[in-house]
Amino acid sequence: MIYYVFPDGGRMPMIGLGTYGLRGEDGARCVLEALDMGYRHLDTAATYENEREVGRGMALSQVSREEIFLTTKVDREDLCYDRFIASCESSLERLNTDYVDLLLVHWPNREVPIEETLRAAQRLVEQGKARRFGVSNFIRPYLEEAVGADRLPIATNQVEYHPYLNQKGLLRYCLEKRILLTAYSPLGHGKGHVLNDPVLQEISQRIGRTVAQVALRWLLQKGIAVIPKSASRSRMAENLAAADFELEEGLAQRIEALEERKRLIDWWPGDFEKDPGAFE
Ligand code: NAP
């Protein structure tokens, strides 16, 4: 496994299991299978309505809690002080754990000053209920505001990132500020588009790795963490194996040159297409 080392020395596995849509008995089974095969990083959210299943999968597994890096997220409706704290506490209860390794603001909400959310996050970190704090879906101006508040470190910004949405400016800013960028939908949701891209397919054939592995490896080599979701044991294993090979610089550059602009998650609080920071 490849690890990201936070400025404070803590570590996060660069490949995690995305769990959106993994629900019910099947959801718990997928989490258990993932842990059994070597995943040590799980990504969930209050709104995924699967925290109990994630907790059950962890409880069934032989892997100890300390070995697992667990992320959950607070809904944008719950960003004011009291609700943020209550949301985290409810998540902990559903996950059946005393702490999460990373607590994220799921989406920005311009109606709540970020300073207020950061104060609540700071409290949770002080109480040991969240080891780290981060954000998700923050375009650069929002991220700058959170960084500028200088209340607590922003461990990561989790955003849509894949070969068809290469947000180079945002990545540059994150690297500069030592904020880990985490790619959600790293396979472009797995349907059409990214996985059918002719350049990725040609590279895949040339190096004997699957298209999904090529896409994930390209992200990892850019210093981006990935959280592909799969309900299939073989595809989970395939995705985890993206840690095990190198993509030659020349091949990575061909993906870099794709210059597509396809944002798959089309809900956004505001008119992001017109926001100058959105694709920067
Ligand atoms: P994704 O991981 O890019 O793609 C998942 C899809 O790809 C599934 O349909 C899966 O099908 C398929 N797949 C997985 N591995 C594959 C492989 N090796 N080859 C071919 N197909 C494969 O998309 P995502 O679920 O949208 O994103 C991943 C995770 O990011 C989510 O689960 C969630 O944890 C997180 N996320 C966060 C946000 C946010 O706002 N912060 C938004 C979206 C997602 P099978 O299950 O059948 O394998």
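The values are calculated or read from the model by the stated rules, or taken from the named source; none is laboratory data. Because the structure is predicted, anything quoted here is derived from the model rather than measured. Using ideal geometry, Cβ is built from the backbone for each residue, glycine included, and neighbour counts are taken over all protein chains shown.
Below are the figures for this structure:
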read-out: Single condition residue 217 does not satisfy, out of (1) more than 14 Å from the ligand (Cβ to nearest atom); (2) surrounded by 20 or more Cβ atoms within 10 Å (Cβ to Cβ); value: (1)
read-out: Positions within segment 182-210 being assigned to a helix (DSSP H, G or I), near the ligand (Cβ under 7 Å from one of its atoms) and more than 19 Å from the chain's Cα centre (by Cα), in sequence order; value: 195
read-out: Failed condition for residue 175, given (1) within 16 Å of the ligand (Cβ to nearest atom); (2) within 29 Å of residue 246 (Cα to Cα); value: (1)
read-out: Hey, residue 202 within 23 Å of residue 102 (Cα to Cα), modelled with pLDDT of 95 or more and either polar (S, T, N, Q) or surrounded by fewer than 20 Cβ atoms within 10 Å (Cβ to Cβ) (or both) or not; value: no
read-out: Condition check for residue 156: touching a residue at least 40 places away in the same chain (Cβ under 8 Å) and among the β-branched types (Val, Ile, Thr); value: yes
read-out: Tabulated pairs, segment 138-152, first in contact (Cβ under 8 Å) with a residue 24 or more places away in the chain and charged (D, E, K, R), second surrounded by fewer than 16 Cβ atoms within 10 Å (Cβ to Cβ) and part of a loop (DSSP other than H, G, I, E, B), C-beta under 6 angstrom, 6+ apart or interchain; value: 140/280
read-out: Candidate set from segment 1-48 (those that are of a type in the set (Ser, Thr, Tyr) and away from the ligand (no atom under 12 Å from the Cβ)); member that is farthest from residue 231 (Cα to Cα); value: 4
